[in-house]
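First the structure, in the form of structure tokens, and then the observations on it.
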Amino acid sequence: MKNAVIDLEKFRTKGSRVFTGRDRGIEVRNASRIDQLETEVDFISIIIPTDIGSINPSFLEEFLFNVVNKLKADGFNKKISFQNEGRYKILSDLNEAIERILREETALSPND
Amino acid sequence: MSISLFILLSISEISEIANIIIAFFNLLFAGYIVFYQIRKDRKDKKDESIQQERNIKLQWFKELIISPNIPNIYHFYQNLEILVGAILVKDLSEQRRIEISDSIKKEASQFRKSFYDSLNVVNTTLHTNAKYNMDTLIDSIVNKIFDSNLNLNDQVLFDKEIGNLIINSKNGLIQLFYTYTGD
């Protein structure tokens with residue numbers, strides 16, 4: 001089993017306690033190479049810095065856009081996990097982002 | 001005399017030829033006007049049909065999506081003001097900041113599900129613009145909640161830093177609907 005780790009500490013803006021915004025999500029998606037890693041390994045662990053206060057759905061929607069579209073919700077939850085030792089809990093923001101990504105894909109699909 | 005008759009006949013012939021030419025061009029011109037008018041009528045009819053279709057779409061958009069959700073829109077912004085107002089406390093703990101931020105994001109998620117996701121059915125660009133408006137608002141508020149350099153328990157600073165964000169978002173959302181032409 002091949003594992004990979006993405007430490008969000010490496011990608012946070014100095015002094016900031018939040019990850020917000022679509023542009024930032026795209027930047028971190030490219031810088032972390034999460035899309036490529038997903039094809040190369042069996043499991044990805046994403047570490048959230050302990051003093052983070054929020055990772056907004058706008059950021060997550062862009063950061064995880066391709067992997068969620070590819071793996072769908074179940075596959076994503078099996079393959080990608082978040083290590084979260086701080087007070088902030090990502091679950092509801094993550095679910096919101098996944099729902100938004102999958103809704104967007106459904107809305108853009110041509111009607112059968 | 002024979003020369004002058006020749007000239008007279010020539011002038012008469014020339015006059016007839018000129019009349020024929022004028023009549024020909026008149027015919028061409030009349031044909032052009034008829035053709036142009038028919039084409040214009042067809043175009044006007046098509047434009048009228050498009051406009052009528054657009055008006056029907058706008059009417060449905062107003063009746064099915066906007067009118068029933070006007071209270072929802074105002075309710076969302078009022079609730080948001082109340083939720084964000086919780087940061088008007090001195091020495092806000094980290095845990096409390098997280099709770100306030102979570103409650104704001106939850107409210108935005110409910111607003112998305114109950115209202116602006118339905119815009120996707122009408123127009124994708126309209127939906128995207130509403131989503132970006134909302135994301136910009138929530139991101140800006142969350143950034144400010146966790147900005148330790150801001151003293152947000154000061155009402156004046158709060159109104160300047162956060163109150164204006166809410167007003168601008170509400171105006172921006174209303175403007176989106178107001179300027180939507182049904183295309």
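Values in this text are rule-based calculations from the coordinates and carry no lab data. It should be emphasised that the depicted structure is a prediction, and the values quoted were computed from it without experimental measurement. In this analysis, Cβ positions are derived from the backbone assuming ideal geometry, glycine residues included, and neighbour counts consider all displayed protein chains.
Peptides A:53-65, B:14-26, B:134-146, B:56-68, ordered by how many other C-beta atoms sit within 10 Å of their residues on average, highest first, read A:53-65, B:134-146, B:56-68, B:14-26. Oblate is the label for the range A:15-63. Its Cα gyration tensor axes, ordered a ≥ b ≥ c, give a/c of at least 1.5 and b/c at or above a/b. Compute log10 of I(q)/I(0) for chain A with the Debye formula, placing one identical point scatterer on every Cα and leaving out solvent, at q = 0.13, 0.14, 0.19 Å⁻¹, to two decimals. Log10 I(q)/I(0), no solvent term: -0.46, -0.54, -0.99.
Taking other C-beta atoms within 10 Å as the exposure proxy, B:His75, B:His127 rank B:His75, B:His127 from fewest upward. In order along the range B:32-39, phi translates into HN-Hα couplings of 4, 4, 4, 4, 4, 5, 4, 5 Hz, rounded to whole numbers, per the Karplus curve 6.51 cos²θ - 1.76 cosθ + 1.60 with θ = phi - 60° and x for Gly and Pro.
Applying D = kT/(6 pi eta Rh) to the protein assembly as shown, where Rh is the Kirkwood radius over alpha-carbon pairs, T corresponds to 10 °C and eta to 1.306 mPa s, the Stokes-Einstein value obtained is 67 µm²/s. Distance from the C-alpha centroid of the range B:80-122 to that of the range B:14-30: 80 Å, rounded to the whole angstrom.
With θ taken as phi - 60° and the Karplus curve 6.51 cos²θ - 1.76 cosθ + 1.60 applied, the whole-hertz 3J(HN,Hα) list for the range A:51-61 is 8, 6, x, 6, 10, 6, x, 4, 5, 5, 4 Hz, x standing for glycine and proline.
Each Lys and Arg Cβ is given +1 and each Asp and Glu Cβ -1; about its Cα centre, the protein assembly as shown then shows a dipole of about 160 debye. Taking max minus min of the alpha-carbon positions on each principal axis, chain B gives extents of 123, 35, 19 Å, largest first.
Give me the net charge for the shell around A:Phe43: Cβ to Cβ below 9 angstrom, other residues only, Lys and Arg +1, Asp and Glu -1. Around A:Phe43, the surrounding residues sum to +2.
Spacing of the modelled spin labels on B:Gln37 and A:Arg33, each 7 Å from Cα toward Cβ, amounts to 7.4 nm. In chain A, excluding the sites themselves, the longest stretch lacking any of the trypsin sites (Lys or Arg not before Pro) that are in a DSSP loop with at most 12 other Cβ atoms within 10 Å is A:34-112.
Per-residue 3J(HN,Hα) values for the range A:64-74, derived from phi via the Karplus relation 6.51 cos²θ - 1.76 cosθ + 1.60 with θ = phi - 60°, read 9, 3, 6, 5, 5, 4, 6, 8, 6, 4, 5 Hz in sequence order (x marks Gly and Pro). Extension gain, B:Val89 to B:Asp47, is 9.3 nm, computed as 0.36 nm per intervening residue step minus the present C-alpha separation.
Computed from the alpha carbon atoms alone, the convex hull of the range B:31-100 holds 138 Å³ per residue. With the simple model of a label 7 Å out from the Cα in the direction of the Cβ, B:Asn168 to B:Glu13 spans 8.6 nm.
Taking amide H as placed 1.01 Å from N in the peptide plane, A:Ile46 has its amide H under 5 Å from the amide H of A:Ile6, A:Ser81, A:Phe82, A:Gln83, each at least 5 places away in sequence or on another chain.
Starting at 0 and stepping by 5 Å, how many percent of the alpha carbon pairs of the range B:144-183 end up in each bin? Using 5 Å bins, I get a P(r) of 6, 21, 19, 15, 12, 10, 8, 6, 3, 1 for the range B:144-183. Evaluate E = 1/(1 + (r/R0)^6) for B:Asp154 and A:Asp23, where r is the Cβ-Cβ distance and R0 equals 30 Å; express this FRET efficiency to the nearest 0.05. So the FRET efficiency works out to roughly 0.50.
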